[in-house]
Amino acid sequence: MTTAPVRPQQVTTGPIQGSAKAWIEGPDGITVPVRRISLSHGEHHDVYDTSGPYTDSRATVDLHAGLPRLREPWVTSRGPGTQRSWARAGIVTPEMAYIAVRERCDAELVRAEVARGRAVIPANRNHPECEPMIIGKRFLTKVNANIGNSAVTSSIAEEVEKMVWATRWGADTVMDLSTGRDIHETREWILRNSPVPIGTVPIYQALEKCDGDPASLTWEIYRDTVLEQCEQGVDYMTVHAGVLLRHVPLTAKRVTGIVSRGGSIMAAWCLAHHAESFLHTHFDELCAILRRYDVTISLGDGLRPGSIADANDEAQLAELATLGELTRIARGHDVQVMIEGPGHVPMDKIVENVRLEEEWCDEAPFYTLGPLATDIAPGYDHITSAIGAARIAEAGTAMLCYVTPKEHLGLPDRDDVKVGVISYKIAAHAADLAKGHPHAQARDDALSRARFEFRWRDQFALSLDPDTATAYHDETLPAEPAKTAHFCSMCGPRFCSMRITQDVRDYAEAHGLTSVEAIEAGMAEKSGESRDEGGRVHLPISATD
Ligand code: SF4
């Protein structure tokens, strides 16, 4: 007996605590949304906003109608081509102009990086609801969140809510990795309601059409699946065309073999037919299809290492070299290309991955899954992988695919999605800081000032997850006066070092001293008092009101 799919009725809407949707005016009538955090001292701080109309208190959300078709006039007013072909022709498209406002950079930088192939703009002409974004190492590091049902769990309604939920917390793209029932309809709901680019792995749906038997796959089934997804509006597709017959034996002695779903499917096909993968032999034809819709190709790492023991091994690097050859073929079709990367890699081997990818794949944007820097913490792999993700992004990776606490253990639910996204926003931002991105530090500085000045509500609002920050604070000090108190429950009022520092500064101002002199004077004063009182320990400046 089959049951009707649970279709979405509603999703999470409303502004994130402490902020509101605002709009920045760009050229030619372009308006770009930001999340505006209004601070208690009258200033505001704008942050990059991936959440679409769902966080706009004035927007009406109708899931059945889908989001406004922002790009429709741009798409219909121009002929065939891709963002790459237009960039190479010296044209700044409306998408590029939009991205320049979003990234606070020159539109010429956007055009030049796309033309060079060092950045991609995943934007299928059939996904007009998508707010344009860019993936490239000269821009903010991006985060992808995977969603999708499996044969055993989840509904369409849950997956649409996960998409909205992931973008609420900062996911820049979402991959729909559905493998269960209702794949087409699930994707349709997601696409029509997604403000961010949607990626897929078409081989999953193709395999469903073959009742899960890899040997029954054919180029024709795969091609028709790709066409179906292009027509729907998928913005980028993972294609495991780098898994070659001769690569498969290289995995024989691995601890964890082939861990990529797409990689194992194609390896099984190659072995069953003792032939080269149809993804590889029909690659030109595939590129010609993707070009028509301007779908970005994400060359999958089907032989990525699935354990620390297998990191940077022969199989992984042989595939990476093949991906370099495919990059040049795709670019010959003016198809935009990015390269997927590992996996599980110890810290000392991470940078080598970026170096080789840039060298062999002509600096195509690198898109990595983590990598997990250790294998020993199932249940905490959002952390093991965020460590590797920060390192690899600092070295030049353009987009990080998140990992949730459920990795290796089960399908993530809504809570796991949020933890995964926030973990990866931390990794991405830490990398942007380390790379010296011109606008990255402003938010740290604003939050640090709020923290030092005990503007608790500003500190919450500026944080990546205001709800959790507020809840943790209020767990011990829930009363309203605590929101302006010059301490929290961590050190308590007498030992609050930031309050003591402020006392030092007040002392300095009152006595006309520099802070260094004030500290010495305060210390001398207190040490005298201490001797007088029999050597009891005091703070340098009294922490009383
Ligand atoms: S009590 Fe400690 S943790 Fe809390 S604000 Fe003061 S210095 Fe920071």
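The values are calculated or read from the model by the stated rules, or taken from the named source; none is laboratory data. Not measured: the values here are computed from a predicted model. All Cβ positions, glycine included, derive from the backbone under ideal geometry; neighbour counts span all protein chains shown. What goes into the accessible areas is simple: the full protein's heavy atoms, side chains included, and nothing from ligands, DNA or RNA. Shrake-Rupley method; radii C 1.70, N 1.55, O 1.52, S 1.80 Å.
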Problem - Long-range HN-HN contacts of Gly148 with modeled amide H, under 5 Å - result: Leu177
Practice task
Determine the sum of side-chain charges near Glu509: Lys and Arg each +1, Asp and Glu each -1, restricted to other residues whose C-beta is under 14 angstrom from that of Glu509.
Solution key: -2
Practice task
Measure out, as a whole number of angstrom, how far apart the alpha-carbon centroids of the stretch 409-461 and the stretch 83-130 sit.
Solution key: 26 Å
Exercise for the section: Using Cα pairs closer than 8 Å and at least 6 residues apart in sequence, work out the relative contact order for the chain, in percent. Expected result: 13 percent
Exercise for the section: Tell me what the chain gives for mean residue ellipticity at 222 nm when only DSSP H runs of n ≥ 4 count, each as -39,500 (n - 2.57), the sum divided by the residue total, rounded to 500 deg cm²/dmol. Expected result: -13000 deg cm²/dmol
Completion exercise
HN-Hα couplings for the stretch 126-134 via Karplus (6.51, -1.76, 1.60; θ = phi - 60°), in whole Hz with x for Gly/Pro, come out as 9, 10, x, 6, 6, 7, x, 9, 10
Problem - Contact order normalised by residue count of the stretch 259-330, Cα under 8 Å, 6+ apart, percent - result: 37 percent
Exercise for the section: Work out from phi, with θ = phi - 60° and the Karplus expression 6.51 cos²θ - 1.76 cosθ + 1.60, the ³J(HN,Hα) of each residue of the stretch 139-146, listed in order in whole Hz, and give x for Gly and Pro. Expected result: 10, 4, 5, 9, 10, 9, 10, 8
Exercise for the section: Mind ranking Tyr98, Tyr48, Tyr380 by accessible surface for me, highest first, 1.4 Å probe? Expected result: Tyr380, Tyr48, Tyr98
Problem - From the C-alpha gyration tensor of the chain, square roots of 5λ in Å - result: 46, 26, 23
Practice task
Within the set of other residues whose C-beta is less than 12 Å from the C-beta of Cys130, count the net charge using Lys and Arg as +1 and Asp and Glu as -1.
Solution key: -3
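Where Lys and Arg each count +1 and Asp and Glu each count -1, what net charge lies around Thr238 among other residues with Cβ under 15 Å from its Cβ?
Charge balance near Thr238 sits at -2.
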Problem - Interchain or long-range residues, amide H under 5 Å from Leu369's placed H - result: Gly341, Gly343, Cys401
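Just list whichever of Lys21/Lys162; Lys21/Lys142; Lys349/Lys418; Lys142/Lys349 have alpha carbons separated by over 24 Å in the model shown.
Result: Lys349/Lys418 exceed 24 Å.
Go through Lys253, Lys425 and list them by solvent-accessible area, largest first, probe radius 1.4 Å.
The most accessible residue leads, giving Lys253, Lys425.
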Practice task
Using amide H atoms built 1.01 Å from N in the peptide plane, name the residues 5+ places from Ile24, or on other chains, whose amide H lies under 5 Å from its own.
Solution key: Val32, Val34
Completion exercise
If one compares the long axis through the Cα atoms of helix 94-103 with the longest principal axis of the Cα atoms of the chain, the angle in degrees, nearest 10, works out at 30 degrees
